[in-house]
Amino acid sequence: MKEKKLRGRSDFGKRLLAAREAAGLTQAAVCKALDISQGTLSQLEREALTSRYTTQLANLYGVDPYVLAEGTRPSGARTLDQAVSQGRNYPALPRLKWEEIAMGANLTQPFELEVIDTAFGDDIPLGSMMRLDPALKPLAGRPALVKDRDGNLYLRDYQAGLGGRWRAVARASRGFDPLDSEEHGLEVIAVMRGFDYP
């Protein structure tokens, strides 16, 4: 993470920002999931020393609440930076190829998949390794691996709609049309737990 982005933030705010970005979530997605204002989240990420939302944020980001709150566990366990950079307590995951998933690979366990387009812009750059979990429920604003009725696969943000209808949308401003669950026959294959930069 760039030093400039961290300058002037409290230690807790730095941990919140790092965990949110490692989870690939925008502030808007977090605010919607926790029903808090963007001003509240911005303030937490800048100057807070603690928060009553720590446990909820940790669960959303897939990190240990104690590590998010304190930076490390008393036993000397990994710091948040170590946890984020080392897969946040996950064992080594199988790294699947897009072709394997398209051909019906067994997707009952978490796996890694390379990001092969620029749909997430700078948030999750091309070549990043995304950690995906088929057991996770989709959450508004969280990236997911989706498949359309023709078998095409996409990594896009899940966007809930009305009446069970939903969309898969890119964060990039141009070049990626939104996909509609009914119109395109979409199915969520797995939901992102985190990612590693290329």
- Message: Just to be sure before I move on: is S37 outside the structural domain of L107 (by TED's automatic domain parsing), at pLDDT 85 or above and more than 19 Å from K14 (Cβ to Cβ) in the structure I sent?
- Response: yes
- Note on the structure: A careful count of residues in segment 146-172 that are small (G, A, S) and surrounded by 15 or more Cβ atoms within 10 Å (Cβ to Cβ) gives 2
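So for segment 128-145 (the condition being touching a residue at least 40 places away in the same chain (Cβ under 8 Å) and among the hydroxyl-bearing types (S, T, Y)), does at least one residue qualify? Show your work before the answer.
Kept after step one, since they are touching a residue at least 40 places away in the same chain (Cβ under 8 Å), are these residues of segment 128-145: 128-134, 136-145.
Still in the list and also among the hydroxyl-bearing types (S, T, Y): 128.
Among the residues of segment 128-145, at least one is touching a residue at least 40 places away in the same chain (Cβ under 8 Å) and among the hydroxyl-bearing types (S, T, Y), which makes the answer yes.
If I ask for residues that are on the phi < 0 side of the Ramachandran plot, of a type outside the set (K, R) and not in a helix (DSSP H, G or I), which ones from segment 6-51 would you list? Spell out the reasoning first.
Taking segment 6-51 and keeping what is on the phi < 0 side of the Ramachandran plot, we get 6-7, 9-23, 25-34, 36-51.
Still in the list and also of a type outside the set (K, R): 6, 10-13, 16-19, 21-23, 25-31, 33-34, 36-45, 47-51.
Listed by number, the residues that qualify are S10, A23, L25, T26, I36, S37, A48, L49, T50, S51.
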- Failed item, numbered, when G121 is tested on (1) out of contact with any Lys or Arg (no Cβ under 7 Å at 6 or more places or on another chain); (2) surrounded by fewer than 18 Cβ atoms within 10 Å (Cβ to Cβ); (3) at pLDDT below 90: (1)
- Residue among G164, G127, G104 that alone is modelled with pLDDT of 90 or more, assigned to a loop (DSSP other than H, G, I, E, B) and not aliphatic (A, V, I, L, M): G127
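The values are calculated or read from the model by the stated rules, or taken from the named source; none is laboratory data. Note that the coordinates shown come from a computational prediction; the quantities given were computed from them, not determined experimentally. Ideal geometry is used to build each Cβ from the backbone, glycine not excepted, and the neighbour counts take in all protein chains shown.
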